[in-house]
Amino acid sequence: MKKYISILMCAILAAACSMFDGVLDAPTQSSYADNIVFSNYTTAEYNIFSISEVCGHTDSYRGRLHLFYGTNTDLEFYNAFSYAQTDGAKADDRIRMAEYNDYIANGQNNKATNAYNEIVAGIERANLCISGLRQYGNVGSDKDMAYLLGEALTYRAFFYFDLIRIWGEVPLRTEPVGEETTYIGKSDRDAIYKVILADLEEAMNYLYWPGEAKQTQRMDRMNKAFAKALYARVALSAAGWAWRPDEGQVNTGNLGSLRLTTDPELSASVLYPKALKHLEDLIEQKCCSLEPSFESLWRKFNNSEHLSGVPEVLWVIPFSDGRGRWNYTHAYTHEAGTPYILNGAGRSSGTRANPTLWWKYDPKDPRRDITIVNMYYQNSDGVTGFSLRSNVSQWNWGKYRYEWMTSNPYGGGNDDGIKPIVMRYADVLLMAAELAAYQNKLDDAKAYLKEVRERACPGENYTKYTKVDNLTLGSAKNDGSGMIEDHNDPSTILGAIFAERALELAGEFVRKQDLIRWGLLKIALDEAQEDIKALANMTGAYAAYDAAATDKTEDDLMYIEETKEYVTVPYNFRSYSVYWRPDNDNQRIEVFGLEADQIGQVPADYSSTNPNGWIVKEYINNRAFRSNDDVAKKTPGTHLFWYDMLYRNEFGDPYPRSVWPMYASTLSAMQGALVNDYGY
């Protein structure tokens, strides 16, 4: 009889590392026969916990995937750029991943413990559980054992979807690894999509709704609502755009192209009705709902209150209470000595927001000043407290704040204990709106969209947003290129959804996959670069600032090729100033001069002799976006600006590098079974 020695060892490890602190008390036996392990609820549940344990590994979800994969988009950026390193080979490995310029020897992932290998290990653990529970779990008559099977199936689906999103085609295994399946090549992603969707449909029959049973009282256990929402997310990607190898060329080194699936079973006409029905079932169940206040949602998130009692949250990454690097990576900067990080430690942000995002919100939309902030906690240069960042290029995520971590403050180490949200109800409503629109159900689409907007801005607090009731179907009749055609038209339902997903979900790092599946990755990044350039130079939509700006001159260096030396020359630019002052009691700053009706104005209570705490700061100018490493390029009179560097690769297109390669360590371990596609 086959023994499950390795999986029990995983269960013992899970007892130490799992999110279920104090729950797991692994037995002392070193091994069990599979009929004993999976016929007993307690030992079977231990093995389910072992699946989630891989999420906490450093190179897995804890410290790699959410930092590097979700950037760069039209909303989110990695907090560094390659500047003068034009050949790409000299760029930092982390920057190369962010700028769609990865390579197989990347030091961040070229290791045995890379994220790909960790996720594959999680799939193997799920396969062991699925096989054992099917054979010995009595799932046909025991609802709790059936729940465990549903949980294992959902984990496998979740992991495989992430493999497709990040690596494209990968080997497909639905049974525990054996001698004949140790070294296998990639499967076409369409075959994997079918397994994922089938797993989720089966799992829905077994999983409990949130709060229905003891297992689903917390949102770090799988539940039926999440399985249905994940089905919709997967279906939208399976029927959407992606950079794929040519037909029949998977695992041959084929460069591929941007295209839709040719498999009729995965077409939008087949998948979208199924996906919408699952979301309608979820919505009608009323087990999930929007948090009444957008601010309260994120206060609860930072205070780790979102694991239960927040019906907007469907599932979170199951870290232990002391594990994870979410705020550590994404919260805005606090310098050393801040009172909001224990032991006086400081922490800089690893990602930041597109600086033009602030202008996309209606001024009355409270999501704006919760989602993004232009402040940091300063404790240097004689200043202590919340301060304005140096210039307009520096916007960070306000959803993630150390000062809101009151019950479990960040201790200043490598982990913060925050459990990232994978799916929330606002995303469900926006996916339902999109799916309904594509099926000519415009009234339903409007209703779902309106629910999200009304939580953000109750009543008639819209001056820029198109009224939902007036939206047209537009190009939603075309399920292939509808979003490409309508994304800049706010009078259409798809244009409104494109904007609303940005306003609602910015900084949650779902945008990259949205842009990919919509066919908009290059288009949106190019548009974002032009928009940021217009802000930096105060042109186009930002020209009003230039009218109130002043001329500035700074010393600059220019390289003279003939003499092989640098000379000082003037650098002329326009600069716009704002007024700001701290409000440390309310943990914020007040800024005057950015709102449209404040441009060129002076605060009512400010004067040069009595500033009332207001500080004047030069804030908008293209110098803020200029590389500090320009001289390395040695080109007279030229400068590089980071708004031109959202993607940089040999293709001049982010799509061919929207998937990561199989890294050299993985290729070596697979002994020739795997070949990199996409021109790697």
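The values are calculated or read from the model by the stated rules, or taken from the named source; none is laboratory data. Quantities reported herein were computed from a predicted structural model and do not represent experimental measurements. Reconstructed Cβ throughout: ideal geometry from the backbone, glycine too, with neighbour counts over all protein chains shown. Just so you know, the surface numbers come from the protein's heavy atoms only, side chains and all, with ligands and any DNA or RNA stripped out. Shrake-Rupley method; radii C 1.70, N 1.55, O 1.52, S 1.80 Å.
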Self-check item: Net lengthening on full extension, ASN610/GLU527 (0.36 nm per residue, minus Cα-Cα)
Solution: 25.6 nm
Quiz item: Using a probe of 1.4 angstrom, how much of the accessible area of the stretch 521-605 is carbon and sulfur, in percent?
Solution: 47 percent
Quiz item: Could you state the principal axis extents of the C-alpha atoms in the stretch 41-140, from the largest down, to the nearest angstrom?
Solution: 62, 28, 18
Self-check item: Between the stretch 389-427 and the stretch 488-505, the Cα center-to-center distance that results, in Å
Solution: 25 Å
Exercise. Over 26 Å, how big is the tail of the calculated P(r) for the stretch 464-621, in percent of all Cα pairs?
Key: 54 percent
Quiz item: If you roll a 1.4 Å probe over the stretch 157-239 with all protein chains in place, what percent of the accessible area is carbon or sulfur?
Solution: 44 percent
Practice problem: Return the distance in nm (one decimal) between the two label points of a simple spin-label model at ASN35 and GLU562, each offset 7 Å from Cα along Cα→Cβ. | Solution: 9.3 nm
Practice problem: List every DSSP H helix in the chain whose Cα atoms extend 15 Å or more along the helix's own long axis and whose mean Kyte-Doolittle hydropathy is at least -0.5. | Solution: 5-17, 41-53, 115-136, 143-167, 189-204, 224-238, 268-285, 425-438, 493-505, 521-537
Quiz item: Based on DSSP, what percent of beta bridges with both residues in the chain are antiparallel, to the nearest 5?
Solution: 90 percent
Exercise. Taking H placed 1.01 Å from N in the peptide plane, check which residues at least 5 places from ILE589 or on another chain put their amide H under 5 Å from its amide H.
Key: ASP583
Exercise. Treat each spin label as a single point 7 Å out from the Cα along the C-beta direction, and report the ALA669 to ASP644 distance in nm.
Key: 4.1 nm
Quiz item: How much mean residue ellipticity at 222 nm does the chain get from its helices, if each DSSP H run of length 4 or more adds -39500 (n - 2.57) and you divide by all residues, to the nearest 500 deg cm²/dmol?
Solution: -10500 deg cm²/dmol
Exercise. On each of the three principal axes of the Cα atoms of the stretch 240-355, give max minus min coordinate, whole Å, ordered largest first.
Key: 58, 44, 32
Exercise. Over 21 Å between C-alpha atoms is what I'm after, so list which of LYS364/LYS467; LYS399/LYS512; LYS300/LYS512; LYS360/LYS533; LYS419/LYS522 land there.
Key: LYS300/LYS512; LYS419/LYS522
Quiz item: What ranking of LYS277, LYS512 comes out by heavy-atom accessible area, probe 1.4 Å, highest first?
Solution: LYS277, LYS512
Exercise. Find the accessible area per residue for the chain; the probe is 1.4 Å, ligands and nucleic acids are left out, and the unit is Å².
Key: 37 Å²
Quiz item: What GluC sites (Glu not before Pro) does the stretch 532-609 have in DSSP loop regions with at most 14 other beta carbons within 10 Å?
Solution: GLU561, GLU562, GLU595
Quiz prompt | Loop trypsin sites (Lys or Arg not before Pro), the stretch 297-401, which have at most 16 other Cβ atoms in a 10 Å radius of their Cβ (DSSP) | solution = LYS364
Self-check item: Per-q log10 I(q)/I(0), the chain, q = 0.09, 0.11 Å⁻¹ (Debye; single scatterer per alpha-carbon; no solvent)
Solution: -0.80, -1.20
Self-check item: Whole-angstrom Cα spans of the stretch 410-491 along principal axes, big to small
Solution: 51, 33, 22
Quiz item: Using a simple spin-label model with points 7 Å from Cα along the Cα→Cβ vector, what separation in nm is obtained for ASN343 and ASP144?
Solution: 4.0 nm
Quiz prompt | Distant-in-sequence amide H partners of ASN354 (H built 1.01 Å from N, under 5 Å) | solution = GLU76, PHE77
Quiz prompt | the stretch 214-271 - Rg over Rh from alpha carbon coordinates, Kirkwood radius | solution = 1.18
Quiz item: Amide H neighbours of TRP315 under 5 Å, counting only residues 5+ apart in sequence or on other chains, H built in-plane at 1.01 Å?
Solution: VAL422, MET423
Quiz item: How much length, in nm to one decimal, is gained on full extension between ALA213 and VAL602, taken as 0.36 nm per residue of separation minus their Cα-Cα distance?
Solution: 134.2 nm
